[in-house]
Amino acid sequence: MPLFGKPHKSPADIVKTLKENLAILVKHDKKADKASDEVSKCLVSMKEILYGSNDKEPHTETVAQLAQELYNSGLLISLVENLQVIDFEGKKDVCQIFNNILRRQIGTRCPTVEYFCSHQEVLFILLKGYETPQVALNCGIMLRECIRHEPLAKIVLHSDDFHNFFGYVEMSTFDIASDAFATFKDLLTRHKVLVAEYLGQNYDAVFADYEKLLHSDNYVTKRQSLKLLGELLLDRNNFTVMTRYISKPENLKLMMNLLRDKSPNIQFEAFHVFKVFVANPNKTQPIVDILLKNQTKLIDFLNNFQNDRSDDEQFNDEKTYLIKQIRDLKKPTS
Amino acid sequence: MSARELQHLDYLNENELMEMDTFIHRIDSTEVIYQPRRKRAKLIGKYLMGDLLGEGSYGKVKEMLDSETLCRRAVKILKKKKLRRIPNGEANVKKEIQLLRRLQHKNVIQLVDVLYNEEKQKIYPHQMLDSVSEKRFPVFQAHGYFCQLIDGLEYLHSQGIVHKDIKPGNLLLTTDGSLKISDLGVAEALHPFAEDDTCRTSQGSPAFQPPEIANGLDTFSGFKVDIWSAGVTLYNITTSLYPFEGDNIYKLFENIGKGDYTIPEECGPLLSDLLRGMLEYDPAKRFSIQNIRQHNWVRKKHPPSEPPVPIPASAECRDPWRSMTVVPYLEDLHGYTEDDDDDELYDGEDEIIYTQDFTVPGQVVEEELHQGSTDPSLAVAKPVCVNGTEGGSLNSKTKAERRSSSSSNPSRKGLSTASKIRKLSTCKQQ
């Protein structure tokens, strides 16, 4: 075999070889070792086509051919589906190939996004990936790339499987749980108009689950979800969701309890949600009732709340404002 | 210059310093500018002052080096005397600081620190770099900037902030090509519970104002004002022209108020359609951020057709690479004398000057300590390297090379800190 200038395989050949060897790997038979080598080699040559090599830029036509082959053969999806049988480096290669193909644009069209829209199962395979530790992080990378595209984010958000996130972010494996949270946060913040619409339509279901996160025994989950809640409520796109949230007395009670959490960081995040209830010029009666009932206690509490943050001007201004608001609350003249 | 500068600093009011990205660039040895002048070091708190980056009506913008983290920063120096001459000058500055403190987005300028000098004067810091200047960019480049502008604007609007003065001059570029919206001096933060984005006042730049303001309406949608101004900005950076002109502000407002404008043919149908959507006379029909995002011109991939327009060279020393300017001051601070200097130094240094590796700023300190640094504050700097994960390892190699080269060749002993630091330009810091 010549050392140099080994003729390059065509995209169709690579896809074919990869598909065959992947099938052998999945079956776990004797030839698995050799198949694994072949799979790695094919993945490397695919990567070279897509990303170019040292001195060569990727060739647009070959890239287009490869993409077409990947769609037609269904290989792109079966790579994701069988990710756990591919070796460590190979998994990373699959991620890179997947993300590159996904970003591909022809003028204003994103062919891979269109392809995934008609093959939605791939999104849910990726999501399910969080349940398999060996592939969870790879799937996370690919899933986040998917949800950069609004149509794909919409499919995930509006699916029943979206609610699985509430479990994934509390998993005991820290790296997987944080990865899941990163994806969860992306889904809820990237496409603001889409999210505002979704939260408006599914308010009860989402916030019932969300509340569990705020009660979590896991410090990180609790803190991150509280912070995200604050960001969501203070985003103007979610104005109606915010007004709805702050009209409910049970939410206020929850925040008041979190203000007394043993962790100062959780207290601080809770403060940023609590302030929205108090600053609301149109408080509902139940909210006013709770604040009035606790008026003196709240004023005392806030006066002594996190006084070590003396250099945080904004925090102190807000605190002073809240104290004034609570003090000015008048009992209904009865 | 130094004497005059010291005088200026007595008036120092407020300087602002923001996060700054720095990149090392390929430098031809002939382009390394030799600076004959001796510069006096001036430390303000932990910041070492560098050269002038730009000047505005409020005062000056200078480069600074954070001597603890070795981050490059830019500082906006505001002089009370000058501020008083600007309508609402001081109030706007206060408001801007307050707004900036709570913002954090990759396309919005970040406030790092606010310093007040002894006579109740304030300093607060800024990002370095340059306004998107008033010239035409190739479509792919304009597209890149415009998308970042929209990202930043969407963030500001989501935080309930109407910028009110979007224009190329208020968009800063970092050396790595990212865009930062700056100057929130006339911005308005909507009340968090305001139902909509109704505004009543505007102090933005006339040529970028929408018809509803030119016609003097009492109330108008704030977000749609920013959309219009972003539209004029897009018009400007793609054509180098303005949609509306006038010999004076009255004529200008009269023209804007009529709303008649033409789009040059060269823009093509897609871009023209986007511009018409953003420069729609009726604010209610004008594009929203969402409409813009979904517009085909924005979604389209624009191939690089012509070479990109580079960031203009710095004003003072005309350095197209925007190298750190604090170096001569550092030399002064650490007692380096020019007797050792030698023009020939720069020759033969090619392999180092050409390096594009990201490096760990901490190592600059090490080098300096070898030269007999006396400032303990510099030694506490943490080694940092972001942007390139391999930075550390690549760098240790360069460092070793340099060590060996400087020890083997005594003629290079006097190598100025300038060229060393130029090589070791800092990376972005957390």
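The values are calculated or read from the model by the stated rules, or taken from the named source; none is laboratory data. Just so you know, these numbers come straight off a predicted model, no measurement behind them. FYI the Cβ positions are ideal-geometry reconstructions off the backbone, even for glycines, and counts take in every protein chain you see.
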Pair list, Cβ < 6 Å and 6+ apart or interchain, from region A:10-37 residues that are touching a residue at least 60 places away in the same chain (Cβ under 8 Å) to residues that are charged (D, E, K, R): A:VAL15/A:GLU69
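The rows are residues; the columns are (1) loosely packed, with under 13 Cβ neighbours inside 10 Å; (2) within 30 Å of the chain's Cα centre (by Cα); (3) modelled with pLDDT of 95 or more.
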residue	(1), (2), (3)
B:ASN236	no, yes, no
B:THR239	no, yes, no
B:ASP260	yes, no, no
B:LEU275	no, yes, yes
B:MET278	no, yes, yes
B:ALA284	yes, no, yes
B:GLU306	yes, yes, no
B:ILE311	no, yes, no
B:GLU316	no, yes, no
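Would you confirm, using the coordinates I've provided, whether A:ASP204 is acidic (Asp, Glu) and under 27 Å from A:ASN282 (Cα atoms)? Before you say what the answer is, go through the steps one by one.
On the way: acidic (Asp, Glu): yes; under 27 Å from A:ASN282 (Cα atoms): yes.
Judged against the criteria, A:ASP204 is a match.
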Residue check for A:THR240: surrounded by fewer than 18 Cβ atoms within 10 Å (Cβ to Cβ) and free of Cβ contacts under 8 Å to residues at least 40 places away in the same chain: no
Tally, over region B:161-198, of residues that are free of Cβ contacts under 8 Å to residues at least 60 places away in the same chain and more than 14 Å from chain A (Cβ to nearest Cβ): 3
A:ALA182 vs. criteria farther than 20 Å from B:TYR155 by Cβ and part of a helix (DSSP H, G or I): no
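Taking region A:167-176, which residues are under 11 Å from the mean Cα position of the chain (by Cα) and either among the aromatic types (Phe, Trp, Tyr) or surrounded by fewer than 21 Cβ atoms within 10 Å (Cβ to Cβ) (or both)? Give the derivation first.
Going through region A:167-176, the residues under 11 Å from the mean Cα position of the chain (by Cα) turn out to be A:168-169.
Once the filter is applied, which keeps residues that are under 11 Å from the mean Cα position of the chain (by Cα) and either among the aromatic types (Phe, Trp, Tyr) or surrounded by fewer than 21 Cβ atoms within 10 Å (Cβ to Cβ) (or both), region A:167-176 yields only A:TYR168.
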One residue from B:SER178, B:SER205, B:SER158 being modelled with pLDDT of 85 or more and over 21 Å from the mean Cα position of the chain (by Cα): B:SER158
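Does region A:201-215 contain any residue that is hydrophobic (A, V, I, L, M, F, W, C) and within 14 Å of chain B (Cβ to nearest Cβ)?
Step one: filter region A:201-215 for residues hydrophobic (A, V, I, L, M, F, W, C), giving A:205-208, A:213-214.
Of the ones still in play, those that are also within 14 Å of chain B (Cβ to nearest Cβ) are none.
Checked against the condition, which is being hydrophobic (A, V, I, L, M, F, W, C) and within 14 Å of chain B (Cβ to nearest Cβ), region A:201-215 yields no hits at all.
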Region B:203-214 residues that are part of a loop (DSSP other than H, G, I, E, B), paired with ones that are modelled with pLDDT of 90 or more and acidic (Asp, Glu) (beta carbon under 7 Å, 6 or more apart): B:GLY204/B:ASP165; B:SER205/B:ASP165
Residue among B:GLU63, B:GLU16 that is closer than 23 Å to B:VAL327 by Cα, at pLDDT 80 or above and crowded, with 22+ Cβ neighbours inside 10 Å: B:GLU63
Identity of the residue in region A:106-152, farther than 20 Å from A:ILE176 by Cα and small (Gly, Ala, Ser), that ends up farthest from the other protein chains (Cβ to nearest Cβ): A:SER118
Residue, nearest to the other protein chains (Cβ to nearest Cβ), within region A:222-232, restricted to residues that are surrounded by 21 or more Cβ atoms within 10 Å (Cβ to Cβ) and within 30 Å of B:LEU153 (Cα to Cα): A:LEU232
Number of positions in region B:257-288 that are at positive phi and within 13 Å of another protein chain (Cβ to nearest Cβ): 1
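Which residues, taken from region B:106-117, are buried (at least 17 other Cβ atoms within 10 Å of the Cβ) and modelled with pLDDT of 90 or more?
If we filter region B:106-117 for residues that are buried (at least 17 other Cβ atoms within 10 Å of the Cβ), which is where we start, we get B:107-115, B:117.
Hits for region B:106-117 are B:ASN107, B:VAL108.
Restricting attention to region A:245-261, does a residue exist that is within 14 Å of chain B (Cβ to nearest Cβ) and out of contact with any Leu (no Cβ under 8 Å at 6 or more places or on another chain)? Outline the logic, then answer.
Step one: list which residues in region A:245-261 are within 14 Å of chain B (Cβ to nearest Cβ), which gives A:245-247.
Of the ones still in play, those that are also out of contact with any Leu (no Cβ under 8 Å at 6 or more places or on another chain) are A:247.
Within region A:245-261, one or more residues are within 14 Å of chain B (Cβ to nearest Cβ) and out of contact with any Leu (no Cβ under 8 Å at 6 or more places or on another chain).
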Flag if A:CYS146 is on the phi < 0 side of the Ramachandran plot, crowded, with 20+ Cβ neighbours inside 10 Å and either part of a helix (DSSP H, G or I) or in contact (Cβ under 8 Å) with a residue 12 or more places away in the chain (or both): yes
Residue match in region B:245-256 (condition: buried (at least 16 other Cβ atoms within 10 Å of the Cβ), within 23 Å of B:VAL298 (Cβ to Cβ) and either modelled with pLDDT of 95 or more or assigned by TED's automatic domain parsing to the domain that holds B:ARG286 (or both)): no
Extreme residue, farthest from the other protein chains (Cβ to nearest Cβ), among residues of region B:148-160 that are in a helix (DSSP H, G or I), without any contact (Cβ under 8 Å) to a residue 60 or more places away in the chain and surrounded by fewer than 23 Cβ atoms within 10 Å (Cβ to Cβ): B:GLN148
Test result for B:PRO304, more than 16 Å from B:PRO210 (Cα to Cα), in contact (Cβ under 8 Å) with a residue 12 or more places away in the chain and not β-branched (Val, Ile, Thr): yes
Given (1) touching a helix residue (DSSP H, G or I) at 6+ places or on another chain (Cβ under 9 Å); (2) surrounded by 15 or more Cβ atoms within 10 Å (Cβ to Cβ), number of the condition A:VAL288 does not satisfy: (1)
Single match in B:ASN296, B:ASN291 (criterion: within 14 Å of chain A (Cβ to nearest Cβ) and touching a Ser or Thr at 6+ places or on another chain (Cβ under 8 Å)): B:ASN296
Some residue of region A:68-89 being crowded, with 16+ Cβ neighbours inside 10 Å and not in a helix (DSSP H, G or I): yes
